[in-house]
Amino acid sequence: MKKTIVALLLLALAAAPALGAEKRWVVSEGTALKAEQSVTAASVAELPVGAELTVVEGAGRWLKVRSANGKEGWVYAGRVSDTAPVAEVGGGDGLFGDSTQKSQINTAKADSARSIRGLSPEVAQYAKQRGTPESLKKELDKILSRKVSDKELRTFLKEGKIGEYAQ
Amino acid sequence: MKSLTMTMLLALACLFSTEAHAGWQDKLQNLMNPESKEGKILSGATQVVSSSQEMTYATERTVGQSLALESMQRFGKPVPNEALQKYVNLVGNAVARNSRRSTIPYQFVVLDSPVRNAFAAPGGMIFVSRGLLDVVENEAELAAVLAHEVGHVAEKHALKSIRRAQFLQGVGTISAATMKGSEGKKFESMIGDLQSTLFDKGLDQGMEYEADLAALETTYRTGYDPAAMITVLQKLKKLEASDSGKGSWFSTHPPLDERIARLSSRLEKYPDHVSLAKVPARFAKTVKTTKKQK
């Protein structure tokens, strides 16, 4: 009896490492797999949002990871999460529609290109029905036209010595 | 007793054995396939989950923009200072791009209102009042406030709160043409519900705590000291007694003491937080200068 229990426990323990491989998901836009633990190191690969990674080693601010296609490199810990990012719902797909996460994200990008053109026809019609003052419509247009490019953001973080740019 | 122990051990072994794990994973995979038995069961179960999960991003954005027009009616126009608006957009986008929903565009707006408040319209438009900005003392604190609001957008809290709205019981999409008809009426009524939730009643307390924890995680991931979320709430706490409260973070959010306590206990997850950025100088240069000009 005791032997059976020990055997079962051993079996459980042996199986544990298979489950123990730590997973992370890319959550940040513009994430790259780096050759070394530095923002200035060469990029091994670009990692799209939602990409699943296996942690090879590391704790703290830089993690050595392996991507799904077997590439290894370092990623800044702030760019990944232990939970998958929120998937976008595009077209008529529901939460359990057959779109892959990637195509849902692409849909969001297509939609965002549309949204940054200013007030949408739907909102313009809403404003008309509500009798919204013209000045507020102009303010909303101005808000929607304000964009932050990846380059601007990198410069901003670098100047503030924030995240990957901290010294 | 022995047989009970054996059963438990067997169950454990099954749970941990790789083969059984694979079978369990298959079942989980099947859940995602709407044609499978498991998928059909889940599909029935998820129909009772909020319709907001099925709203397309384009419609969510229309909801957000319509609400933005109403919020400017209520709280005033954006502060006419382009440098300030740009700065708040940079800080906001820095955290948003490290949030759980990083692929949609976000806009951040400082409204010219003395009421200390911040709120998020669905789809990624986030508002913070001049009054709340006056309380904030460094960039990390601003990042924390904005990351809290990004958390609401990411988890679609506002939409989940109004899931019983008639509009969401129907087709749940809107075009310029259907806006003119009965769908438009339902849409307008839903925007009214959202205003009442966000500006008067407030979201569920659980959603606020969730957004607070999201703010800690997102600011930390970006590289700002997450303790800033706590310090900004402590400052608001000091002002609570003298604030009339109406429409502010005091009236629409859970008690500050409870929020501070929950955040403080979660801060242990980030042992190196003190070494992260606070950036008081750049904040002072951009925001405090603006205050003097006013």
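Just so it is clear, none of the values below were taken in a lab; they were calculated from the coordinates. Just so it is clear, the model here is predicted, and its values are computed rather than measured. Positions of Cβ are generated from backbone atoms using ideal geometry, with glycine treated the same way; all protein chains shown enter the neighbour counts.
Just add up the charged neighbours of B:Leu263: K/R +1, D/E -1, any other residue whose Cβ is under 15 Å from the Cβ of B:Leu263.
Residues close to B:Leu263 contribute a combined charge of -3.
Any idea how far apart B:Ala241 and A:Lys138 come out in nm if each label point goes 7 Å out from Cα toward Cβ?
Here the answer is 4.6 nm between the modelled labels.
Looking at the P(r) of region A:117-165, how many percent of alpha-carbon pairs lie beyond 13 Å?
66 percent
Could you compute the net charge surrounding A:Lys23? Neighbours are other residues with a C-beta less than 11 Å from the C-beta of A:Lys23; K and R count +1, D and E count -1.
-1
Of the cross-linked pairs A:Lys158/B:Lys86; B:Lys86/B:Lys235; A:Lys128/B:Lys77; A:Lys64/B:Lys278; B:Lys77/B:Lys185; B:Lys77/B:Lys186, which ones have a Cα-Cα span greater than 21 Å in the structure shown?
In this structure, B:Lys86/B:Lys235; A:Lys64/B:Lys278; B:Lys77/B:Lys185; B:Lys77/B:Lys186 lie more than 21 Å apart at Cα.
Can you figure out the FRET efficiency of B:Glu188 with B:Ala284, using R₀ = 35 Å and their beta-carbon distance, to the nearest 0.05?
0.25
Add +1 for every Lys or Arg and -1 for every Asp or Glu among the other residues with Cβ under 12 Å from the Cβ of A:Val65, and state the total.
+3
If packing is taken as the mean number of other Cβ atoms within 10 Å per residue, what is the order of B:132-139, B:186-193, highest first?
Most protected by this proxy first, the peptides run B:132-139, B:186-193.
If contacts are Cα pairs under 8 angstrom and at least 6 residues apart, what is the relative contact order of region A:17-81 in percent?
After rounding, I find 35 percent.
Quick one: Karplus J couplings for region B:114-123, per residue in order, coefficients 6.51, -1.76, 1.60, θ = phi - 60°, nearest Hz, x for Gly and Pro?
With the stated coefficients, region B:114-123 comes to x, 5, 7, 8, 8, 7, 10, 8, x, x Hz.
Give the value in nm², to one decimal: projected area of the alpha carbon convex hull of region B:51-293, averaged over all directions.
Mean projected area of the Cα convex hull: 12.6 nm².
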